[in-house]
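One structure below.
The values are calculated or read from the model by the stated rules, or taken from the named source; none is laboratory data. It should be emphasised that the depicted structure is a prediction, and the values quoted were computed from it without experimental measurement. Note: ideal-geometry Cβ built from the backbone for every residue, glycine included; neighbour counts use all protein chains shown. These accessible areas exclude ligands, DNA and RNA; they are computed on the full protein's heavy atoms, side chains included. Shrake-Rupley method; radii C 1.70, N 1.55, O 1.52, S 1.80 Å.
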Amino acid sequence: MAATKIETSGPKSLFSNEFLCNSTSLISRKRRTVKVRMPMAATAPFTAVQMEAKLIELDSIKVIPETPVQFAVSGQVKVEYDAMEQMKELMFNWWDSSKTAVDAQRGVFLQLVSSDIDPRTGKAKVSKEAILDWSRDLPINADKFVTHEVQFLVDGNFGVPGAILVTNKNSKELYLKSITLEGFLHFDCQSWVQPEKLHPEKRIFFTNKAYLPNETPMGLRELREKELREMRGNGEGVRVLSDRIYDYDVYNDLGNPDKGLEFARPDLGGQRRPYPRRCRTGRPSTNLDPKSESPANEMIPMYVPRDEAFSDGKRRTVDAGSRKGMMKNLLPFFKHSIEGDPINSFADINNLYKESRNRSKFPVESTVDAFKFDPPNIVSREALCCLRDDEFGRFTLTGMNPISIERLKVFPPVSKLDPSIYGPTQSALREEHLISHLDGMSVQQAIEKKKLFTLDYHDVFLPFLSSINAHPNRKAYATRTIFLLTQFRTLKPIAIELSLPSMNPFKPSKQVITPPVDATSNWQWQLAKAHVCSNDSGAHELIQHWLRTHACMEPFIIAARRHLSVMHPIHKLLHPHMRYTMDINARARELLINADGIIESFFSTKECSMEITSLAYKNWRFDMESLPADLIRRGIAEQDPTEPHGIKLLIEDYPYANDGLLIWSAIERLVKDYVNHYYPDSNSIRSDSELNTWYYESINVGHADLRHETWWPKLSTPDDLVSILATLIWISSAKHAALNFGQYHYGGYVPVRPPYMRRLIPNEDDPEYSNFVSDPEGYFLSSLPSLKEMTSLLSVLDMLSTHSDDEEYLGDRKELSTWRGNPEIIEAFYRFSMEMKAIEKEIDRRNSDPKLRNRCGAGVSPYQLLVPFSGPGVSCRGVPNSISI
């Protein structure tokens with residue numbers, strides 16, 4: 001009995017209940033067939049002639065060829081909508097006389113890609129193109145995101161869609177937020193799609209499901225590799241704003257020798273001046289120095305890979321901060337337009353700020369207050385002239401730079417600088433300077449009891465002091481400060497060493513100033529503390545903040561984009577912690593750390609600024625960047641398995657460390673649960689080619705100048721990966737938040753924390769000494785930046801300390817649909833989110849505990865920098881997921 005298949009076809013819903021086996025997968029519909037029975041004679045076999053005739057007869061019967069059933073797949077495409085841009089494009093099309101001819105080529109073309117391979121071609125199965133064309137529609141009252149309906153036609157044996165190919169044939173770029181098929185198969189796109197005329201390659205978007213490289217469905221493997229190749233580029237040419245290419249380069253774009261030799265800056269990166277790598281832009285070199293890249297300009301703007309750029313909301317926040325700063329500067333600019341306009345009293349400085357009462361009792365500002373600054377925390381609590389000793393110690397543990405304090409282990413301290421260049425390595429500090437402040441202990445006893453701590457900026461600043469002090473309005477020392485840990489668990493400054501380059505063999509280059517015993521020594525002590533704070537401001541902004549968070553993270557981000565597919569589970573884990581970092585770093589190279597930029601204008605280090613960070617980078621160690629390792633390295637903590645976090649703090653009331661350990665432990669637990677889900681053993685780590693290539697390139701290319709260091713953590717086991725990832729997330733989130741978002745409130749009152757000083761402390765044989773003795777307050781004020789410079793600095797600090805409306809905070813995961821089929825991962829993120837809320841309550845409790853004197857007391861600002869959540873604005877709290885400002 002023979003049979004012929006007759007197929008029936010027609011579009012059906014591929015995702016209807018008839019064709020689904022469960023809520024997360026698709027099955028192919030079996031072909032519907034009708035068997036046509038052919039009668040056969042059973043009495044005698046066919047002769048050869050009869051067989052030939054029968055074959056001719058059968059051949060004449062029309063047989064319907066076998067064609068697959070087709071199904072309709074409905075989708076919702078969510079795109080960003082800009083009413084103004086839409087109106088412009090519609091008007092352009094209306095005026096375009098050739099519109100009719102090109103209409104057929106307009107729209108957005110989409111194709112589904114199956115996770116399965118077509119056995120006939122060996123390639124992934126693809127659907128027919130579906131077209132979206134909303135160019136004729138103008139939804140005037142639309143929200144920011146608009147959802148459009150689309151239908152795909154696929155064969156019945158298509159399999160599960162795993163990717164979507166998108167071609168933008170419109171004239172402008174398109175922000176594709178998401179695509180959802182039949183209500184449950186999600187593609188979280190979050191990316192700009194460029195017009196085909198600019199980038200002819202089809203964009204690839206994968207479903208939210210995470211796959212390790214060796215688990216990738218066969219139909220998606222080629223696309224997975226193709227997308228990564230495109231993002232790596234070829235390392236050639238000038239990058240344009242529409243590109244999505246990630247490559248490395250040295251910091252050779254900070255100077256502008258064509259503007260004048262005083263604007264030339266050395267390249268950072270290489271054996272002579274080691275440095276992390278940045279994102280390559282490919283701009284042409286300067287005319288005078290072929291090794292230096294020319295600054296960005298209107299013709300060739302600063303390049304950032306398109307998906308790394310600020311959102312419109314983030315950009316509006318930054319622009320609003322700039323406009324706010326300009327308005328605040330108007331009154332001081334006209335009032336103090338002359339650079340040398342003197343500060344007559346502390347009242348002149350205090351008058352820059354609104355009265356504290358206006359913030360709570362009078363929400364409507366007066367005309368004058370509109371041009372004034374909100375009082376920082378330290379001013380709003382108690383408007384003092386100078387920094388009190390107890391505040392000096394407290395800000396070392398709770399201020400904008402709480403990570404420089406170290407335990408004193410050797411006395412007198414010894415420099416590591418070359419004595420043939422920088423003079424004797426011995427410190428001028430002696431026991432007689434300290435003994436009267438040690439509560440009956442000798443220095444050795446205090447060291448053994450772990451009671452002495454230090455802020456040591458001697459080796460950081462001394463090599464650059466000659467250059468700094470050559471400027472008429474910049475004067476600095478290389479400082480060392482010794483603190484005693486009191487019985488109240490607070491730090492008390494007991495000695496300050498001030499060092500200058502050894503220029504005159506007959507004049508000491510080092511002096512030690514101790515707490516005051518009379519009026520003269522009181523002002524000398526105040527000046528000495530101001531110089532320490534000036535050192536600390538520069539070290540904070542350049543080393544702790546810029547270098548150890550912004551610059552050192554960028555190579556890991558570049559390598560992740562180049563080698564971890566968006567399908568990779570580790571990319572999905574790290575993605576929110578990479579948001580906006582490359583954009584803010586590019587803006588820093590253009591405005592902050594460049595020649596004559598903000599850092600050089602407002603800090604003591606001037607043109608030496610970035611060379612200081614290069615010197616510090618030689619001592620940077622990734623394995624010491626986790627919070628526990630950093631605390632142990634600085635001698636602030638010791639390993640103790642009986643303690644909740646495995647370490648014991650030697651300064652028990654250390655708010656940054658106390659609160660930070662809560663967040664660190666929560667991050668570590670989350671990462672451990674996550675990693676163990678995907679990597680059950682060491683073999684799974686070794687077999688992940690993308691993961692290993694990412695980590696290898698982060699070290700050997702991104703941190704090439706330190707690639708031979710033996711301290712780099714190995715990546716061999718799941719525990720190794722947990723440690724690496726937890727450290728990266730800690731740096732991007734809590735560490736950066738602690739260093740950044742307190743800048744205005746802790747650094748916004750210049751007499752307490754000057755960014756630079758204009759005068760040294762006079763000795764008795766100095767010509768200025770008589771002026772100092774006759775008017776010490778006037779001398780102190782004349783050592784500070786001018787009022788005009790103060791207002792400019794305050795505007796910058798205010799902007800840098802601002803949370804934007806679209807900030808994403810630690811514990812606030814928005815794309816949990818990625819792990820829809822992995823309830824244990826969703827549960828881990830949920831636990832982490834609950835931990836962040838519990839940490840917020842615990843920090844509030846600690847800030848109300850009178851026994852914790854570094855965060856609670858009369859006039860003491862609560863320590864809130866590590867409170868996980870915040871509203872927009874300058875709040876001095878909130879831990880964003882990433883280095884976003």
Practice task
Would you mind getting the accessible area per residue of region 696-784, heavy atoms of the protein chains only, 1.4 Å probe, in Å²?
Solution key: 32 Å²
Handout entry: Ser171 accessible area, assembled protein chains, probe 1.4 Å, Å²
Key = 40 Å²
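In terms of the ratio Rg/(2.2 N^0.38 Å) built on C-alpha atoms, what value belongs to region 460-599?
1.49
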Handout entry: Solvent exposure of region 403-539 as accessible area per residue, Å², 1.4 Å probe
Key = 43 Å²
Completion exercise
Amide H neighbours of Cys189 at under 5 Å, excluding residues fewer than 5 places away on the same chain, with H built from the backbone geometry, are Ser178, Ile179
Completion exercise
Taking only protein heavy atoms and a 1.4 Å probe, the highest-to-lowest accessible-area order of Asp390, Asp536 is Asp390, Asp536
Handout entry: Three-way shape label, region 403-539, alpha-carbon gyration tensor, a/c 1.5
Key = prolate
Problem - Accessible area in the full protein assembly, largest first, 1.4 Å probe, for Asp253, Asp133 - result: Asp133, Asp253
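Contour minus end-to-end for Ile131 and Lys169, with contour as 0.36 nm per residue of separation and end-to-end as the Cα-Cα distance?
Details: separation 38, 0.36 × 38 = 13.68 nm, distance 1.01 nm.
Taking 0.36 nm per residue and subtracting the Cα distance, the gain is 12.7 nm.
Applying 1/(1 + (r/R0)^6) with R0 = 30 Å to the Cβ-Cβ distance of Asp319 and Asn287, what FRET efficiency is obtained, to the nearest 0.05?
Numbers: r = 32 Å, r/R0 = 1.08.
Here the calculated transfer efficiency is 0.40.
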Practice task
Note down the accessible area of Cys189, probe 1.4 Å, to the nearest 10 Å².
Solution key: 20 Å²
Handout entry: Residue order for Leu500, Leu649, Leu397 - accessible surface, 1.4 angstrom probe, largest first
Key = Leu500, Leu649, Leu397
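On the protein heavy atoms, probe 1.4 angstrom, tell me the percent of accessible surface of region 587-687 carried by carbon and sulfur.
47 percent
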Practice task
Give me the number: length gained by fully extending Asn350 to Thr121, i.e. 0.36 nm times residue separation minus the C-alpha to C-alpha distance, one decimal in nm.
Solution key: 74.7 nm
Problem - Projected label distance in nm at Asp720 and Met503, using a 7 Å step from Cα toward the beta-carbon - result: 5.2 nm
Fill in the blank from the handout: Per its Cα gyration tensor (rounded if a/c is under 1.5, else prolate when a/b beats b/c, else oblate), region 495-560 is best filed as oblate
Practice task
Report the label-to-label distance for Cys385 and Glu824 in nanometres (one decimal), using points 7 Å from each Cα along the Cα→Cβ vector.
Solution key: 6.6 nm
Exercise for the section: Pairs to check: Lys144/Lys372; Lys714/Lys837; Lys450/Lys492; Lys123/Lys209. Give those whose C-alpha atoms are more than 23 Å from each other in this structure. Expected result: Lys144/Lys372; Lys714/Lys837
Exercise for the section: Mind giving me the nanometre distance, one decimal, between the label points for Val414 and Asp312, set 7 Å out from Cα along Cα→Cβ? Expected result: 6.3 nm
Handout entry: With every protein chain in place, region 403-539: carbon and sulfur % of accessible area (1.4 Å)
Key = 54 percent
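Going by a ≥ b ≥ c, the root eigenvalues of the Cα gyration tensor, does region 115-251 fall in the rounded group (a/c under 1.5), the prolate group (a/b larger than b/c) or the oblate group?
The shape class here is oblate.
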